[in-house]
Amino acid sequence: MEGSSILARYVEPIDQLILEIYVKNLKRSIEFYTSMGFSVSRKESTFAELKWEDSKIYLEEISGQSVGSSNLTGNVRIMVPDMDICWRKAITLGAQVVKEIDNRDYGLRDCTIAGPDGIGLRFGTRTSL
């Protein structure tokens, strides 16, 4: 197999590199993510596909396993048109704040919160540099 054939498009970009999050309680996680603006596009007993515009994340409930961590290992960036509305939603939900809302020198007004299973969500709006 040649190196360039590995990079050939196999699926559409919206179906590539989808994050799947293992959750302790699927119902609680769906409630949290939909409150933050995601929509449910598919739901099964222990699995859900959520969408943000054309992008997707998967949630899978894993019974009897240790899920989540008190140590964040990364975040998913979600671009929104109004960061302040998103921030108010996060505070209303009582989300764990990882990084307070602020205008950053890299051109975003953003914040990072943790979902119910410890996955970081970084919401951001572009600012003029």
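Throughout, read-outs are computed from the coordinates displayed, never taken from laboratory work. Fair warning: this is a prediction, and the values are worked out from it, not measured in the lab. Positions of Cβ are generated from backbone atoms using ideal geometry, with glycine treated the same way; all protein chains shown enter the neighbour counts.
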Cα-based Rg then Dmax for the chain, in Å, read 16.2, 52
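Over the chain, how many pairs of lysines fall under 18 Å by alpha carbon, counting only those 8 or more apart in sequence or from different chains?
On the way: LYS24/LYS43; LYS27/LYS43; LYS27/LYS51; LYS27/LYS56; LYS43/LYS51; LYS43/LYS56; LYS51/LYS89; LYS89/LYS99.
For the chain, qualifying lysine pairs total 8.
What is the gain in length, in nm to one decimal, between ALA8 and ARG104 on full extension, counting 0.36 nm per residue of separation less the C-alpha to C-alpha distance? Could the numbers behind the result be given before it?
Details: separation 96, 0.36 × 96 = 34.56 nm, distance 3.56 nm.
Value of the extension gain: 31.0 nm.
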The longest stretch of the chain containing none of the GluC sites (Glu not before Pro) that sit in a DSSP loop with at most 14 other Cβ atoms within 10 Å is 54-129
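Size of the dipole of the chain about the Cα centre, Lys and Arg at +1 and Asp and Glu at -1 on the beta carbon, nothing else charged, in debye to 20? Write out the running numbers ahead of the final one.
Details: 16 positive and 18 negative charges, 63 e Å.
Computed about the Cα centre, the dipole is about 300 debye.
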Counted neighbours (other Cβ, 10 Å), sorted fewest up, put LEU7, LEU93, LEU59 in the order LEU7, LEU93, LEU59
